[in-house]
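Asks: Below is the structure I would like to discuss, written out as structure tokens.
The values are calculated or read from the model by the stated rules, or taken from the named source; none is laboratory data. Owing to the predicted nature of the structure, the values given are computational and were not obtained by experimental measurement. Here the Cβ positions follow ideal geometry from the backbone for every residue, glycine too, while neighbour counts run over all protein chains shown. Note: accessible area is taken over every heavy atom of the protein model, side chains too, but ligands, DNA and RNA are not part of it. Shrake-Rupley method; radii C 1.70, N 1.55, O 1.52, S 1.80 Å.
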Amino acid sequence: MLASKRSAGQKMSFEGKEYVIEELTEESFKGVEIALFSAGGSISKKYGPLAAAQGTIVVDNSSAFRMDEGVPLVVPEVNADAMSHIKLSNKKGALIANPNCSTIICLMAATPLHRHAKVKRMVVSTYQAASGAGAAAMAELELQTKEVLEGKEPTCNIFNRQYAFNLFSHNSPVTGNGYNEEEMKLVKETRKIWSDNDVKVTATCIRVPVMRAHAESINLQFETPLDEEKAREILSQAEGLIVIDDRAGNNFPTPLEVSKKDAVAVGRIRQDVSQEGNHGLDIFVCGDQIRKGAALNAVQIAELLL
């Protein structure tokens, strides 16, 4: 376990065994076959290539290398073949990027349908939890909720605005085209993962006062017809997905149901009435973006190498 000098010497336990955290240095990766990076883009950019040069296969959770040509951007259930040329037996280092959490959750559900009928256009609206902004954001949401209920002014240090009982555009910087960086990640990463620069993707990303797990409303336009019954069958057989689609009981995926779980849930599977000839579907997806959207996906990538 590696971290900054500040954390060196601290102890952490994993599966009953205690480990001492070591300081990250340029010499840390000698003899290391696989390294899981989750320390932010600047650390990844400095140490990722260094580790790869020493023969380590780096699975990186930051955005540092996602759009780099030659670096596979991988969701194992979606495009494991993108990293098929990287093998431990080759004794060569490499970089593999973990996609953005919103992209992973979206494509877990959209890809099985894309394989069957080819997506021409995808419209994604996200409802993103506090945990996506870290432990401090979760703590502030909890504090603000108490403060607002007690009639006090809410503490606004993380987002500089009231989060409790409110929602707002995702807090990533807005780019020159009016989309924020989170939205553009969905656009660019989808094209790279699907190896399809022609697919049209647009997104609106919203931060909602939910503790954990992102939700996404996804509208799909297909090249060939796909009816909702066939779509439900495809999704029910897809790896890593569970279908929650009870119309009679009005029971569909919720963030609470998927929190701290590996599977992504999909429901609200219905024909898009604005499109002719069964060329459109609407679905609703929920996934724990800390689990499948980050940690689990990285571990699954590492497992593919073993």
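Asks: What is the set of long-range amide H partners of Asp272 at a cut-off below 5 Å, with H atoms built 1.01 Å from backbone N?
Replies: Result for Asp272 returns Gly280, Leu281, Asp282.
Asks: Nothing charged except the Cβ atoms of Lys and Arg (+1) and of Asp and Glu (-1): what's the magnitude of the dipole of the chain about its Cα centre? Round to the nearest 20 debye.
Replies: Working: 34 positive and 39 negative charges, 106 e Å.
Around 500 debye, computed over the chain.
Asks: Going by amide H atoms built from the backbone, whose H comes under 5 Å of the H on Glu33, apart from near neighbours?
Replies: none
Asks: Which lysines, if any, have their Cα less than 27 Å from the Cα of Lys46, not counting same-chain residues under 8 positions apart?
Replies: Lys5, Lys11, Lys30, Lys87, Lys91, Lys92, Lys185, Lys188, Lys192, Lys292
Asks: Taking the C-alpha atoms of the range 147-196, how large are the radius of gyration and the largest Cα-Cα span, Dmax, in Å?
Replies: 16.4, 52
Asks: Take Leu36 and Met12, extend 7 Å from each Cα along the Cα→Cβ direction, and tell me the distance between the two endpoints in nm.
Replies: It works out to 0.9 nm between the two label points.
Asks: Another question, then. What ranking do 9-18, 150-159 get when scored by the average of other Cβ atoms within 10 Å per residue, highest first? Walk me through the numbers on the way to the answer.
Replies: Details: 9-18: 8.3, 150-159: 12.6.
Highest-to-lowest ranking by the protection proxy: 150-159, 9-18.
Asks: In the chain, what % of DSSP beta bridges are antiparallel (nearest 5)? Could the numbers behind the result be given before it?
Replies: Numbers: 29 of 51 bridges.
Around 55 percent antiparallel, to the nearest 5.
Asks: At 7 Å along Cα-to-Cβ for each site, give me the label-to-label distance between Phe165 and Val148 in nm.
Replies: About 0.6 nm, to one decimal.
Asks: Would you kindly derive the ³J(HN,Hα) couplings of the range 271-282 from the backbone phi angles with the Karplus curve 6.51 cos²θ - 1.76 cosθ + 1.60 (θ = phi - 60°), listing them in order in whole Hz, with x for Gly and Pro?
Replies: Those phi angles translate into 5, 7, 6, 8, 10, 7, x, 6, 9, x, 9, 10 Hz.
Asks: Moving on to the next point. By average Cβ neighbour count within 10 Å, what is the ranking of 88-97, 170-179, 256-265 from highest down?
Replies: Details: 88-97: 16.5, 170-179: 12.5, 256-265: 18.6.
Result, highest mean first: 256-265, 88-97, 170-179.
Asks: Of all accessible surface on the range 102-290 at a 1.4 Å probe, what whole percent is carbon and sulfur?
Replies: Details: 4360 of 8860 Å².
Carbon and sulfur together cover 49 percent of it.
Asks: Right, something else. Mind checking which of Gln10, Ile244, Trp194 is farthest towards the positive end of the chain's charge dipole, using Cβ charges of +1 (Lys, Arg) and -1 (Asp, Glu) about the Cα centre?
Replies: Selected residue: Gln10.
Asks: Here's another thing I want to ask about it. Using a probe of 1.4 angstrom, how much of the accessible area of the range 1-73 is carbon and sulfur, in percent?
Replies: Of the solvent-accessible surface of the range 1-73, carbon and sulfur hold 49 percent.
Asks: Which whole DSSP H helices in the chain pass both tests: a Cα extent of 20 Å or more along the axis and a mean Kyte-Doolittle value no lower than -0.5? Spell out each step's value before the answer.
Replies: Working: long enough: 101-117 (24 Å, 0.84); 135-149 (22 Å, 0.41).
Answer set is 101-117, 135-149.
Asks: When the helix-only estimate is applied to the chain (DSSP H runs of n ≥ 4, each -39,500 (n - 2.57), divided by the residue count), what is the mean residue ellipticity at 222 nm, nearest 500 deg cm²/dmol? Mind dumping the intermediate values first?
Replies: Numbers: 8 runs with 86 residues, N = 306.
Value at 222 nm, helices only: -8500 deg cm²/dmol.
Asks: Kindly report the accessible area of the range 102-290 per residue (heavy atoms of protein chains, probe 1.4 Å, no ligands, DNA or RNA), in Å².
Replies: Working: 8860 Å² over 189 residues.
With the other protein chains kept in place, the range 102-290 gives 47 Å² per residue.
Asks: Ranked highest first by the average count of other Cβ atoms within 10 Å around their residues, in what order do 120-126, 213-219 fall?
Replies: Values: 120-126: 19.6, 213-219: 23.4.
Put in order of decreasing packing, that is 213-219, 120-126.
Asks: Something else about it: Mind listing the phi-derived Karplus ³J(HN,Hα) values for the range 83-100, rounded to whole Hz, using 6.51, -1.76 and 1.60 with θ = phi - 60°, and x for any glycine or proline?
Replies: Per-residue couplings from phi come out as 10, 5, 7, 9, 9, 4, 5, 6, 6, 10, x, 6, 10, 10, 9, 8, x, 4 Hz.
Asks: I need two numbers for the chain: Rg to one decimal and Dmax as a whole number, Cα atoms only, in Å.
Replies: Answer for the chain, Rg first and Dmax second: 20.5, 63 Å.
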